[in-house]
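Chemist: Mind looking over this structure? Questions follow.
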Amino acid sequence: MKGSRCLHQLKSLRLLSHAGRRLPPAAAAAGDNGALFRLHSSSLLGGSQCPQREVLRHFHSSPARTKSQPARFVQEEDKTRDKSLVAHDDLFEQVAKETKTKATFNKVIDVYTKRDIRRRGHVEFIYAALKKMPEFGVEKDLTVYNKLLDVFPKEVFVPQNFIQRMFNHYPRQQECGVQLLEQMESYGIMPNTETKVLLVQIFGEKTHPMRKYQRIMYWFPKFMHANPFPIPKQLPEDPVDLARFSLTRMANDWDAKVTVYQLPCTDITDSGAEVTLPHIVGIQSPSQMEALAKHNPCRPVFVEGPFPLWMRKTCVYYYVLRADPAPPEEKIEEPYDPERCFMYPLQLDLDLDRDLGDDESFDVEDLDDGPVFAMCMTSQGDQATLNQWISGLQQSNPILGQIPTLFRLGAGPRELQGVGDTDSASGTWFSSHAHKEEADPGEDAEAVVEEEPRRSQGVKQ
C-alpha cells in the first residue's frame, strides 16, 4: 500500500513540472482568451494532507486570435457605433446646405452608397429619401426613383425556394420597395424597363414589389387617357394665361369669348405712391348674353365669390354674375327644337302602358339655382376691382345699366392682399332704393362694417 501511494505522489509531481514548462511567455496577453484552472492535488499519506497548489492554464485558441487586439468593453463599442452612424435626415441637411436641387439629392445618394459597401441601414435611408423628395423637387423624376432602387443590395433578398416565397422573404425590405412604388403611383409616374430590371435583381420575380409593378403597368395605360379634359402637367406661370385657361375649362362652351379687361401693371399716383393694378379676365358665351338681355330689369343681379378652383396643385379663385331663380309666373317654357340635336334628343314622347304593379309615387326634386350670366378671375377681389369688370360687361350688355347690381363677396383671397385695403368694401346688404334715400351714408356705413366685417355687399346702379 505504501508503494502505491508513493507512485501516485510521483505522478502528480511530474504533472506539475510539465504544466510549468508548457506556460508560454505571452500567457498574460492570452489571459482574455484562456481561463484560470485550479488543480488540487491532495494525497493522504498516513492521515496527513498534501498542500494545495494552483496552476494557470489556458484553453486552446488559434494563433490569429492571440495576435488580434484585445476585446473592448460594450459601452465603448456603442459609443463608437453612435459616432460612426449619422442620422439620414441630417445627412440630407449636411450635404444640401445651400441649395436643394436634383444634383444635390443625387449627391446625397452617392455619399451614402460610397460610405458603406454593405449598405447598412439602407431601408431607413430610402424612407428618409422618399420623405425629402418634395423638398428637393424630384418627386416626379423617374431617374431618381430608379437610383433609389439601386441602393438596395442585389441578389440578397431573392427567395431561393417556394417556402421562402410563401413566407414573405425579407418582409421589411419588400415593404420598403412597395412603398417606393406607391409614391411613384401617387405622383402619376409610370415605371420603365430599368425599374423592372432592378426589381428582378433585388427581390426576384414572384414577390410583392414585382406584383405592385405589374399592377401599375396594367392600370396606368388604361386610366392615362380616360379624362376627356386633361390638365397639362406644366400650368402657365403668367396669371393672365392661367386665368384664361381656367375660365375656358369651366365654361365648356366653344362659343364663349374670353376678354381681358385689365392687365397687371404698376401705376404711380399724384402723391408719388406706387399702386399695383390687378388683372381682370372675364368670359361670357352668346347664350349667356341672350339670357341677360331677357332678364327683368326690376330684379337685381348678384356678383358672388370668391369660389376656389384647383388646377393640380394651384388654387385659383373666380367670381360669377348670377340672378335668383325666376318666379313660376315669369317662367316661359320654350318648345324644344327637334332638329337641334339628332344624336341625343332632348325630349321623348313615349306612350307606354302602365301595369297595376308600377309605382308612380316617386318624386324628383328639381332645384333651380338661377342663371349664371358671366364669370371672371382677378388677383384682387374687392368691390372696386369687380366694378371695373361690370363696367366692361356693360359695353357688350347695355341692359346692365338698368339692372341694380348687388355684391355678395366673402373673405377669400382678399385676406392675402391685406384686410386693411378691403375694409371699405365690407358691409351688409345695400339695396338700390336704400342707397338713394341715405343722405349721409358715411357714418351708417362705418357702423355696419363694425357689425358684420366678413360680408361685403354693395350696389351699382
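Chemist: Out of region 150-182, which residues are within 19 Å of ILE117 (Cβ to Cβ), open to solvent by less than 30 Å² (accessible area, probe 1.4 Å) and not polar (S, T, N, Q)?
Modeler: VAL151, PHE152, PRO153, PHE157
Chemist: While we're looking at this one, here's another question. If the requirement is being surrounded by fewer than 11 Cβ atoms within 10 Å (Cβ to Cβ) and under 29 Å from GLU290 (Cα atoms), which of these qualifies: PRO232, PRO228? Steps first, answer last, please.
Modeler: Values: PRO232 fails: under 29 Å from GLU290 (Cα atoms).
Unique residue meeting the criteria: PRO228.
Chemist: Can you confirm whether VAL258 is open to solvent by less than 50 Å² (accessible area, probe 1.4 Å) and outside any strand (DSSP E or B)? Outline the logic, then answer.
Modeler: Values: open to solvent by less than 50 Å² (accessible area, probe 1.4 Å): yes; outside any strand (DSSP E or B): no.
No, not satisfied.
Chemist: Regarding GLY188, is this residue under 18 Å from VAL151 (Cβ atoms) and touching a helix residue (DSSP H, G or I) at 6+ places or on another chain (Cβ under 9 Å)?
Modeler: Values: under 18 Å from VAL151 (Cβ atoms): no; touching a helix residue (DSSP H, G or I) at 6+ places or on another chain (Cβ under 9 Å): yes.
No; evaluated as a whole, the condition is false for this residue.
Chemist: Might you let me know whether region 290-297 holds any residue that is under 18 Å from GLY370 (Cβ atoms), acidic (Asp, Glu) and touching a residue at least 40 places away in the same chain (Cβ under 8 Å)?
Modeler: Let us first name the residues in region 290-297 that are under 18 Å from GLY370 (Cβ atoms), namely 290-297.
Keeping just the survivors that are acidic (Asp, Glu) gives 290.
Add one more test, that the residue is touching a residue at least 40 places away in the same chain (Cβ under 8 Å), and what stays is none.
No - not one qualifying residue is present in region 290-297.
Chemist: Quick one: is GLN214 open to solvent by 80 Å² or more (accessible area, probe 1.4 Å) and part of a loop (DSSP other than H, G, I, E, B)? Outline the logic, then answer.
Modeler: Working: open to solvent by 80 Å² or more (accessible area, probe 1.4 Å): yes; part of a loop (DSSP other than H, G, I, E, B): no.
Here the answer is no, as GLN214 does not meet what is asked.
Chemist: Can you tell me which residue within region 143-180, out of those that are over 32 Å from the mean Cα position of the chain (by Cα) and aromatic (Phe, Trp, Tyr), is nearest to HIS122 (Cα to Cα)?
Modeler: My answer is PHE167.
Chemist: Restricting attention to region 262-287, which residues are assigned to a strand (DSSP E or B) and open to solvent by 70 Å² or more (accessible area, probe 1.4 Å)? Write out each step before concluding.
Modeler: Restricting attention to region 262-287, the residues satisfying the condition of being assigned to a strand (DSSP E or B) are 262, 265-268, 274-277, 280-284.
Residues satisfying the conditions are THR266, ASP267, ILE268, GLU274, THR276.
Chemist: For region 288-303, check the following and say yes or no: at least one residue is assigned to a helix (DSSP H, G or I), in contact with a His (Cβ under 7 Å, 6 or more places away or on another chain) and more than 27 Å from SER186 (Cα to Cα). It would help to see each step written out before you state the result.
Modeler: At the first step, the residues of region 288-303 found to be assigned to a helix (DSSP H, G or I) are 288-293.
This time we only want the ones that are in contact with a His (Cβ under 7 Å, 6 or more places away or on another chain), so: none.
Taking every residue of region 288-303 in turn, none turns out to be assigned to a helix (DSSP H, G or I), in contact with a His (Cβ under 7 Å, 6 or more places away or on another chain) and more than 27 Å from SER186 (Cα to Cα).
Chemist: Then there's this: Among the residues in region 125-147, are any more than 21 Å from THR113 (Cα to Cα) and either open to solvent by less than 20 Å² (accessible area, probe 1.4 Å) or of a type in the set (A, V, I, L, M) (or both)?
Modeler: Looking for residues that are more than 21 Å from THR113 (Cα to Cα) and either open to solvent by less than 20 Å² (accessible area, probe 1.4 Å) or of a type in the set (A, V, I, L, M) (or both), one finds none in region 125-147, hence no.
Chemist: Another one. List the residue pairs whose Cβ atoms are under 6 Å apart, where the first residue sits in region 215-238 and is closer than 26 Å to LEU199 by Cβ and not assigned by the TED database to the domain that holds VAL316, the second is modelled with pLDDT of 90 or more and in a helix (DSSP H, G or I), and the two are 6 or more positions apart or on different chains.
Modeler: Here the result reads ILE216/GLU185, each pair linking region 215-238 to a residue that is modelled with pLDDT of 90 or more and in a helix (DSSP H, G or I).
The values are calculated or read from the model by the stated rules, or taken from the named source; none is laboratory data. None of the values given here were measured: they were computed from a predicted structure. Using ideal geometry, Cβ is built from the backbone for each residue, glycine included, and neighbour counts are taken over all protein chains shown. Side chains included, ligands, DNA and RNA excluded: accessible areas come from the protein's heavy atoms. Shrake-Rupley method; radii C 1.70, N 1.55, O 1.52, S 1.80 Å.
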